[in-house]
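Q: Sharing a structure below in structure tokens format, with a few things to ask.
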């Protein structure tokens, strides 16, 4: 993929309840995305995986992915706290710029990242990855480009079961 508008990979669930009498949240399980090259990704973010606080996405594996962002994120962008999707329409632009330029994941149970490389063209002052409310996170062979004094990855206090290799 080249010169992408918004996100390279966008995995999200919501609770719009548009069907009469429907009261359950959307669910997503057992997702595998592999062998992706995305070049020229807009500044908003590269990969987003976002479930609901009460209904996390389960069993996501992302592997063999190379993401090249246009970059340009600021230190202020790195402090953004994205709003919850809730009942809104699941369009990435409605959430806006995320605090990580490469991978942003929130409300996920069982997230695996393997052989992920992130780079930027213009210096980006956001971390390459950020994880919030993750139960079971496995990272193997993550190669992020980061600006001086910027953390490669940020882990929220509610991230548990972390395994990092290579």
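Each value in this text was obtained by applying a stated rule to the coordinates, not by laboratory testing. As the structure is a prediction and not an experimental result, all values here were calculated from the model. Here Cβ is always computed from backbone atoms with ideal geometry, including for glycine, and neighbour counts include all displayed protein chains.
Q: For region 100-126, what are the residues that are surrounded by fewer than 24 Cβ atoms within 10 Å (Cβ to Cβ) and touching a helix residue (DSSP H, G or I) at 6+ places or on another chain (Cβ under 8 Å)?
A: Result: 125, single match.
Q: Now, a different point. Just the residues that are surrounded by 14 or more Cβ atoms within 10 Å (Cβ to Cβ) and either in contact (Cβ under 8 Å) with a residue 60 or more places away in the chain or part of a loop (DSSP other than H, G, I, E, B) (or both), please, taken from region 129-166.
A: 133, 135, 145, 146, 147, 150, 151, 152, 159
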